[in-house]
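This report refers to the structure that appears directly beneath it.
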């Protein structure tokens, strides 16, 4: 018994494979970008930490007010807040897009299977 595939089914599978290749590329770009982002954030945290440590020494000696220590740490807090909002937003958008793409591909495959079923069915003549 041979498996017959219709052109519509072949097109659907080709489109799915194309989407999978695109997904793999986007995933690689995303991993690279997040790695670079984390490295930069870590470096920024170290640089900010050095500055806060210096301010802390001055505050402990009584030469600076404590609000100066908090103020020197504020840029790090602001960057981490913006980064977490960005991650939350992008992951939410990604979830919705993947759900929609997956359901559209499933609909396309079901339609191709239905077309195959109808094409392989012998014509029924009524008298």
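The values are calculated or read from the model by the stated rules, or taken from the named source; none is laboratory data. None of these values were measured; they are calculated from a predicted model. Here Cβ is always computed from backbone atoms with ideal geometry, including for glycine, and neighbour counts include all displayed protein chains.
The residue list 48, 68, 32, 37 contains one member that is surrounded by fewer than 11 Cβ atoms within 10 Å (Cβ to Cβ) and either part of a helix (DSSP H, G or I) or in contact (Cβ under 8 Å) with a residue 12 or more places away in the chain (or both), which is 32.
Screening residue 88 against (1) in a loop (DSSP other than H, G, I, E, B); (2) closer than 28 Å to residue 33 by Cα leaves a single unmet condition, (1). Total residues in region 67-85 satisfying the condition of being within 30 Å of the chain's Cα centre (by Cα) and within 19 Å of residue 43 (Cα to Cα): the figure is 12. Check residue 94 against each of (1) surrounded by 12 or more Cβ atoms within 10 Å (Cβ to Cβ); (2) under 22 Å from residue 15 (Cα atoms); (3) over 20 Å from the mean Cα position of the chain (by Cα) and name the one condition it does not meet. Here residue 94 meets the rest and fails (3). Residue 15 satisfies every condition listed in (1) touching a helix residue (DSSP H, G or I) at 6+ places or on another chain (Cβ under 9 Å); (2) at pLDDT 80 or above; (3) farther than 30 Å from residue 121 by Cβ except (3).
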